[in-house]
Amino acid sequence: MPNAMNASSLLPAALLPAALLALAVAARGQDVGHPPVETLEKVQPKRPYSPYAGGAVPNRVFWGDTHLHTSFSMDAGAFGNRLGPEEAYRFARGEEVVATTGGRTRLARPLDFLVVADHSDNMGFFPDLNAKDPTIMKDPTGREWYDKIQEGKGMEVAMEIIDSFSRGTFPDGLMYWPDSKMYRSSWDKTIAAAEKYNDPGHFTAFIGYEWTSQVPPGQNLHRVVVYRNGAEYARQTVPATTYPPQGSTDPEYLWKLLQDYEDKTGGDVLAIAHNGNLSNGLMFPSINHVDNKPITKAYAETRARWEPLYEVTQIKGDGEAHPFLSPNDEFADYGTWDKGNLNLSELKKDSMLQHEYARSALQLGLKFGKELGTNPYKFGMIGSTDSHTSLATADDDNFFGKHSGSGPSPDRMEHPFAKFGDLEILNWETLASGYAGVWAKENTREAIFDAMERKETYATTGPRMLVRFFGGWDFEAADANTRQPAEVGYRKGVPMGGDLSKAPDGKSPTFLVAALKDAIGANLDRIQVVKGWVDAGGERQEKIYDVAVSDGREINADGRCTTPVGDTVDLENATWSNTIGDPEMITVWKDPDFDPAISSFYYVRVLEIPTPRWTAHDAKYYGVKLEEGDSGKQQERAYTSPIWYTP
């Protein structure tokens, strides 16, 4: 196993069932460590006997969804969603609710936190439309939309709304402007729901919204805005919107309003971009689309200030990597959406792709960091759902679709998710993805927000696997022989989202990596380290290293394991067997190709063994066949925030 100093089991086999049972009961299996030596020495000469005392480092991973829409979002309401923010929080906390499409539903395990992120433009419009608000009924288009919805044509109305917003043709008479009484009422209700369900130490309900920038004819530049503070801060302003003249689709406009909010209130906010795969090259630009000029130092500094995270996976596709950009990565073609922009009005070109995916954006960030002095794309990674059903579920056996019009039904797989002319994306192509894992000291707004700001986060496509990733200069094989990777990890290095600099003479970076399967999920196939850099000619470069693999398979001299893990999926019954793969892996890995003069980044990708997709579960439940092109299988995964090296 070249350059993997150790790859060992974290638990003796005899202890594994009991440990996994404990994880399942708690729904939050924890890797606990103690404070770093320098912290402890300020209090006492050596660490306490108890390795869990002190609480100076993050010792729990909290699971959440930072991107959920309710009936307050205009398109969600048009699709038929009738569940508001309160139902969304109740569902996320583990309560049973009745879905809009009928039937009881509940999460297998509660989440720890939730951001209700309804679209800021026209927030609260659809509950009023459904209630036949007199002002809306006076408008011909408003009346037409109401009638269509009553006739069961909500999908048609939703697509009209999305298209009119994308093209800047939404009727002025139906706009809930940010300075209107109707808008303020909706924002106050959003805040009130978060305050009602926020329960420090048990469940965190963040105040938030989505700033839904769609640059005509439909390029996706959406951001979710998350507040650290509570109602007394959030009520002092209203959300930023995109529709002119009271809004703008320019991200720098959003960043200015975030600065204005902090200046006025003394509060803290951050923004999280998503779906670069639908931006047609605008999400991580070299050229600013607003003025058609190269991005500036001010742009780089401001973006880095406000956007510490990127939502790398969700229902509308996975955004880690693309096979065109990474032809040597056999796992890059996962949940790929690359037909066009958000409304499919403009086809995709290969030249757009490097400005759309996380891995290439991280590489571009290194390039701009050298040229501008600040890396604008130095982001950590999370996943979230972007569900418009008020149901924050990313489980394949409990998937309620992107919106209420694509809820469980015998024929939902064959229906178009989006269609423009002859071009379409079908519902079966949507992913039951994803969740955010956040390493924090406690389940509070402040602790989780602070962890997101420092990028101590990772994304998963749904499973709740535990992942630790530390980088330093002095990790050694013996450091993998521990039940508490955090203890040595924080003492010798930096966690995911951290920075290494100025390599000591003769040393290469070493990394401590550990992963534990989801307590009720699939075994693990492998752990990979993805390294990226920009060469002397300014070209993007990458290399993938398999640093730990299951079942005793061999890692070749080039750092890759070419033997597949196997496949136990029974499509007919939508099941699989954990007779292959490993329940956990831990290793110390040293970069064999390190050049101390070149800036680089490293992040971890953890792959599960193959499991059934949500479509296989639907096929089993309804007795229907999979659609052409759908294998019904997948290898779910996790992506950590990177660790950056700067000379």
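Numerical summary
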{"item": "Inter-label distance for Asp422 and His202, nm, one decimal - labels placed 7 Å from Cα along Cα-to-Cβ", "result": "5.8 nm"}
{"item": "Extended-chain gain in nm, criterion 0.36 nm per residue less alpha-carbon gap, Asn288 and Glu554", "result": "91.1 nm"}
{"item": "Gain on full stretching of the segment that runs from Thr135 to Ala108 - 0.36 nm per residue minus C-alpha separation", "result": "5.5 nm"}
{"item": "Between helix 358-372 and the chain: long-axis angle, C-alpha atoms, 0 to 90°, nearest 10", "result": "80 degrees"}
{"item": "Point-charge dipole on Cβ atoms (K/R +1, D/E -1) for the chain, about Cα centre, debye to 20", "result": "1340 debye"}
{"item": "Label corresponding to log10 I(q)/I(0) by the Debye sum over Cα atoms at q = 0.05, 0.06, 0.07, 0.12 Å⁻¹ when calculated from the structure given, among [x] -0.27, -0.38, -0.51, -1.25; [y] -0.47, -0.58, -0.68, -1.26; [z] -0.21, -0.30, -0.42, -1.31", "result": "[z]"}
{"item": "Where labels lie 7 Å past Cα in the beta-carbon direction, separation of Ala231 and Ala298 in nm", "result": "3.9 nm"}
{"item": "Where Arg104, Arg303 fall by accessible area, highest first, once all protein chains stay in place (1.4 Å)", "result": "Arg104, Arg303"}
{"item": "Label-point separation, Glu151 to Asp411 (7 Å along Cα→Cβ), nm", "result": "1.8 nm"}
{"item": "Rounded accessible area per residue of the chain, 1.4 Å, Å²", "result": "36 Å²"}
{"item": "Amide N proximity, region 348-365 versus Ser501 label position 7 Å along Cα-to-Cβ, cut-off under 19 Å", "result": "365"}
{"item": "Of all accessible heavy-atom area on the chain, the percent that carbon and sulfur account for (1.4 Å)", "result": "51 percent"}
{"item": "DSSP-assigned coil residues among GluC sites (Glu not before Pro) in region 76-132, each with at most 12 further Cβ atoms within 10 Å", "result": "Glu95, Glu96"}
{"item": "Degrees between helix 154-167 axis and first principal axis of the chain (Cα, 0 to 90, nearest 10)", "result": "80 degrees"}
{"item": "Furthest towards positive pole of dipole, Phe469, His69, Gly276, structure part the chain, Cβ charges", "result": "Phe469"}
{"item": "Length gained when the stretch Ser508-Thr563 is fully extended (0.36 nm per residue, less Cα-Cα span)", "result": "17.0 nm"}
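The values are calculated or read from the model by the stated rules, or taken from the named source; none is laboratory data. Given the structure is predicted, the values throughout are model-derived calculations rather than measurements. For neighbour counting, all protein chains shown are included, and Cβ atoms are generated from backbone atoms with ideal geometry for every residue, glycine included. Accessible surface is based on the protein model in full, side chains and every heavy atom, while ligands, DNA and RNA are left aside. Shrake-Rupley method; radii C 1.70, N 1.55, O 1.52, S 1.80 Å.
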